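S.K.: Structure in C-alpha cells, see below.
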Amino acid sequence: MTDTATTPAPPADGERDVLVDVRGVKVHFPIKRGVLFDKVIGYVYAVDGVDLQIRRGETYGLVGESGCGKSTLGKAILNLEPPPEGSVVIDGTDVASLKGKELRARRKEFQMVFQDPMSSLDPRQSVESLLAEGMRAHGLDTDGPSTKTRLRELLS
C-alpha cells in the first residue's frame, strides 16, 4: 500500500482575491403544528442554495423585499445561524470550522451591518461612543488619547 498525499493546487489568479466564498448555502426553518408543536408540516425556505463571491476591495449590496432571507443569509455567512447545507469560506477559512474563542476572535474581522439602524444603534449615544463600544467588545484599547486618535482616523 502506498501513501500518496496530494497538495492542493494553488488558487488561480482570479481566486486569490476572493475574500468571501459562499457555495450552496441553505437555511430552512420547520413549520410545526400540533398540541406540543412537535409535528413538522412544512418548511420556510429562507435561503435556498445561494452562491456568491466577494473579492477584496469590493462592496457587495444584497437587496430584496422584506422577509426574503437577506438577514438570514448574513447570519449564515457569519455562522450566527449555521447553515445545515453549503459552505462559507472567509479569507481562506471555512467559517463552520471555527468554534468558541477562535470564532469570537475572528468576528473582529467580519461583522454584519443590520438593516435597521434605529434598532441597532442607540440614538442617545454619540458616534464616538458607539465606535468605542465596538472596540471594547473586541478587547481593543479604549482608554486614553490613542483611542480618540484612532476613532478620528476611522471617522475620517
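S.K.: Per residue, how much accessible surface does the stretch 58-114 expose to a 1.4 Å probe? Answer in Å², no decimals.
M.R.: Heavy-atom accessible area per residue stands at 66 Å².
S.K.: What distance in nm lies between label points placed 7 Å from Cα along the C-beta direction at residue 36 and residue 148?
M.R.: For residue 36 paired with residue 148, the spin-label model returns 6.1 nm.
The values are calculated or read from the model by the stated rules, or taken from the named source; none is laboratory data. Since the model is a prediction, treat every value here as computed from it, not as a measurement. So basically every Cβ, Gly included, is an ideal-geometry build from the backbone, and we count neighbours across all protein chains shown. The accessibility values were calculated without ligands, DNA or RNA, using every heavy atom of the protein model including side chains. Shrake-Rupley method; radii C 1.70, N 1.55, O 1.52, S 1.80 Å.
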